[in-house]
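Below is one structure, written out as structure tokens, with a few remarks after it.
The values are calculated or read from the model by the stated rules, or taken from the named source; none is laboratory data. Since the model is a prediction, treat every value here as computed from it, not as a measurement. Note that we place each Cβ from the backbone using ideal geometry, even for glycine, and neighbour counts take in every protein chain shown.
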Amino acid sequence: MTDARGLLLCWSATAANRNDITEPITLVDAIPHVRGRTGRPRHRPERVVADRGYGFDKYRRLLRARGIAHQIARRGTDHGSGLGTHRWVVERTISHLHNTRRLPVCTDRTKATHDALLSLAACLLCYSRYRKSLC
């Protein structure tokens, strides 16, 4: 899960044969406190943008119950919802993570090793974005 600029907020590694739809609520709940303006840090996003693969009413209700607005395309509708203009940020971040060569093909035997490599790649990605913002 990323913010609007593509900065990783939280992530989860699952088996390749597991459906992605099982993870969105656990990822929303795993977002750390983000400091912003003076006052209480934000823990929940204001809005979640997702593609039509996550377009089940169950997840819409769970997001609404958490006080999070959503922009999720309806299943079975024509394309042209405009979500692609927002989703490319997430796809770009995933592409940057896959440039580490070790993550796209998981040859490690333990999940802990793969999670550690994913965390290291995320830290390097965040550091490179931070370094570019200083220049």
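Quick look at the numbers
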| item | result |
| --- | --- |
| Extreme residue, surrounded by the fewest Cβ atoms within 10 Å (Cβ to Cβ), among residues of the stretch 119-135 that are closer than 16 Å to Leu97 by Cβ and among the small types (Gly, Ala, Ser) | Ser128 |
| Residue in the stretch 45-57 that is of a type in the set (Ser, Thr, Tyr) and either modelled with pLDDT of 80 or more or in contact with a strand residue (DSSP E or B) (Cβ under 6 Å, 6 or more places away or on another chain) (or both) present | yes |
| Given (1) in contact (Cβ under 8 Å) with a residue 12 or more places away in the chain; (2) exposed (fewer than 14 other Cβ atoms within 10 Å of the Cβ), number of the condition Gly39 does not satisfy | (1) |
| Complete set of residues in the stretch 14-34 that are in a loop (DSSP other than H, G, I, E, B) and either exposed (fewer than 13 other Cβ atoms within 10 Å of the Cβ) or touching a Ser or Thr at 6+ places or on another chain (Cβ under 9 Å) (or both) | Thr14, Ala15, Ala16, Asn17, Arg18, Asn19, Glu23, Ala30, Pro32, His33 |
